[in-house]
Amino acid sequence: MAFAPDIIEDLARARGDLRMGVPIMLRGTDSLLVMAAESLSVARLADLRSLGKPPVVVLTSHRAETLKATPYDGDLARITVPDEADLWWVRAMADPKHDMDVPMKGPFQIARGGDASLHRLAIQLVKTAHLLPAALVIPLDNPEAFAAEHRLTLIDAGLAGPAIAAEASLHPVAAARLPMVASEAGRLHIYRPEDGNEEHYAIEIGNPSRDEPVLARLHSACFTGDVLGSLKCDCGPQLNGALNQMGTEGAGVLLYLNQEGRGIGLANKMRAYALQDQGFDTVEANHRLGFEDDERDFRIGAAILRRLGFNSVRLMTNNPRKMAMMEKMGISVAERVPLILGQTPQNAAYLATKAKKSGHLL
Ligand SMILES: Nc1nc2c(ncn2[C@@H]2O[C@H](COP(=O)(O)OP(=O)(O)OP(=O)(O)O)[C@@H](O)[C@H]2O)c(=O)[nH]1
Ligand SMILES: [Zn+2]
């Protein structure tokens, strides 16, 4: 019988637990009890403290550098939570909201040496749960007994690393005809990744030939731009512009990838917008939160194109990384079709930052 969850299913459970503020256990050579800093409660912080060892807050190097804490682990910093620190302290280490008005003061007690691979896994999990990339951890012996006693999800780190790094497989769930303003010959396909993450969509216009390069757009979800007509970015006009061009040419495919906020999720994007209101640019804001500039996995787009039977595209983009990723994943980019639309006084600085720091072509 195979009722027990496999590693992919365990990881999906772990992400759900972390979002809900439930601890998980990671087991490698050592073992760690892990909670997301963002969803920690006063009661669970007290429970962690009752285990008799000081908890450690794990931050990415970007967040640590913002706090002027040296990230001795390269991409990470492990900082011991002082005895007198409360929940506010833990949250403020994770969340840059009050960095300017109530700066966190060191010196911090930062761990050096030893193995940080479980800490790294903890950060990967909180990131994929779309929480702030900060975890509270405590080493524990006997992970199986502790997990069983408290009914916690136990993750085998040896299996988790490769499972997270692997390309998630997707399967088509449903498709139907969808007449749109841009074209009456539309068809919407829904794809569901087998790792339990968000579904993604493909909008096929007309009946594009599979034997020649298809006019294609990989659009990352932007609730604020696509739905609300935000003037802070160019996403809404790019979405409509791409569909309209496909409608005019009579054929094309637009992938609507649910990778909101360049993969950090809408809540974190709004945190980034609040930092932008304090004067930081789009890249600096991501870093202050502890994220990379861009956390998207572009393999998903290539996988959907392949599933639809396309292997060559005329890609509508200004982002050279998207073109490079398509080529790397075996989708040839026969042509780049520029998509320069929707410039406003409010997004001029944002677009200039993308050109300067992220290599966008203008
Ligand atoms: N983190 C973050 N994400 C943002 C910000 N502004 C827009 N976004 C997100 O950026 C993404 C933009 O996606 P795309 O337009 O597909 O990608 P792109 O990298 O700009 O490339 P092209 O438009 O193809 O040239 C969307 O997921 C938006 O939600 C911001 O200030 N911070
Ligand atoms: Zn946008």
Review point. Since Ala14 meets every condition but one in (1) surrounded by 19 or more Cβ atoms within 10 Å (Cβ to Cβ); (2) assigned to a loop (DSSP other than H, G, I, E, B), which condition does it not meet?
Key: (2)
Check your understanding: Hey, does region 235-251 have a residue that's more than 14 Å from ligand 1 (Cβ to nearest atom), over 20 Å from the mean Cα position of the chain (by Cα) and in a strand (DSSP E or B)?
Key -> no
Check your understanding: Is there a residue in region 178-187 that is hydrophobic (A, V, I, L, M, F, W, C) and either within 16 Å of ligand 2 (Cβ to nearest atom) or not in a loop (DSSP other than H, G, I, E, B) (or both)?
Key -> no
Practice item. Among the numbered conditions (1) under 21 Å from the mean Cα position of the chain (by Cα); (2) among the hydrophobic types (A, V, I, L, M, F, W, C); (3) buried (at least 20 other Cβ atoms within 10 Å of the Cβ), tell me where Ile8 comes up short. Key: (3)
Point to revise | Candidate set: region 196-207, residues that are in a loop (DSSP other than H, G, I, E, B) and more than 16 Å from Gly301 (Cβ to Cβ); chosen: the one nearest to the chain's Cα centre (by Cα) | key: Gly196
Review point. Can you name every residue in region 221-252 that is more than 14 Å from ligand 2 (Cβ to nearest atom) and out of contact with any helix residue (DSSP H, G or I) (no Cβ under 7 Å at 6 or more places or on another chain)?
Key: Leu243, Asn244, Gln245, Met246, Gly247, Thr248, Glu249, Gly250, Ala251
**Study point:** Extreme residue, surrounded by the fewest Cβ atoms within 10 Å (Cβ to Cβ), among residues of region 305-362 that are in a helix (DSSP H, G or I), aliphatic (A, V, I, L, M) and more than 16 Å from ligand 2 (Cβ to nearest atom)
**Key:** Ala324
Check your understanding: Residues in region 297-312 that are at pLDDT 95 or above and within 12 Å of ligand 1 (Cβ to nearest atom): how many?
Key -> 1
Check your understanding: Based on what the data block shows, is Thr353 assigned by the TED database to the domain that holds His189, farther than 30 Å from Leu59 by Cβ and touching a residue at least 40 places away in the same chain (Cβ under 8 Å)?
Key -> no
**Study point:** Of residues in region 101-120 being surrounded by 12 or more Cβ atoms within 10 Å (Cβ to Cβ) and among the aliphatic types (A, V, I, L, M), the one nearest to Leu289 (Cα to Cα)
**Key:** Met104
**Study point:** Candidate set from region 219-233 (those that are part of a loop (DSSP other than H, G, I, E, B) and more than 7 Å from ligand 1 (Cβ to nearest atom)); member that is surrounded by the most Cβ atoms within 10 Å (Cβ to Cβ)
**Key:** Ser230
Exercise for review: Please enumerate the residues belonging to region 140-155 that are surrounded by 15 or more Cβ atoms within 10 Å (Cβ to Cβ) and either of a type in the set (A, V, I, L, M) or under 16 Å from Asp30 (Cβ atoms) (or both).
Suggested key: Leu140, Pro143, Phe146, Ala147, Leu152, Leu154, Ile155
Check your understanding: Which residues, counting only those in region 304-318, are of a type in the set (Gly, Ala, Ser) and touching a Pro at 6+ places or on another chain (Cβ under 9 Å)?
Key -> Ser312
Review point. Are any of the residues in region 182-191 closer than 18 Å to Arg307 by Cβ and among the hydrophobic types (A, V, I, L, M, F, W, C)?
Key: yes
Practice item. Consider only pairs whose beta carbons are under 6 Å apart and that are at least six residues apart or on different chains; among these, list those whose first residue lies in region 226-243 and is closer than 19 Å to Lys269 by Cα and whose second residue is of a type in the set (Gly, Ala, Ser) and more than 10 Å from ligand 2 (Cβ to nearest atom). Key: Gly236/Gly229
**Study point:** Matching residues, region 276-299, being touching a helix residue (DSSP H, G or I) at 6+ places or on another chain (Cβ under 8 Å) and either over 26 Å from Glu198 (Cα atoms) or of a type in the set (S, T, N, Q) (or both)
**Key:** Gln276, Phe280, Asp281, Thr282, Glu284, Asn286
Exercise for review: Go through region 269-286 and give me each residue that's under 15 Å from the mean Cα position of the chain (by Cα) and either more than 7 Å from ligand 1 (Cβ to nearest atom) or in the same structural domain as Asp95 (by the TED database) (or both).
Suggested key: Met270, Arg271, Val283
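The values are calculated or read from the model by the stated rules, or taken from the named source; none is laboratory data. Given the structure is predicted, the values throughout are model-derived calculations rather than measurements. Every residue, glycine among them, receives a Cβ derived from its backbone with ideal geometry; neighbour counts consider all protein chains shown.
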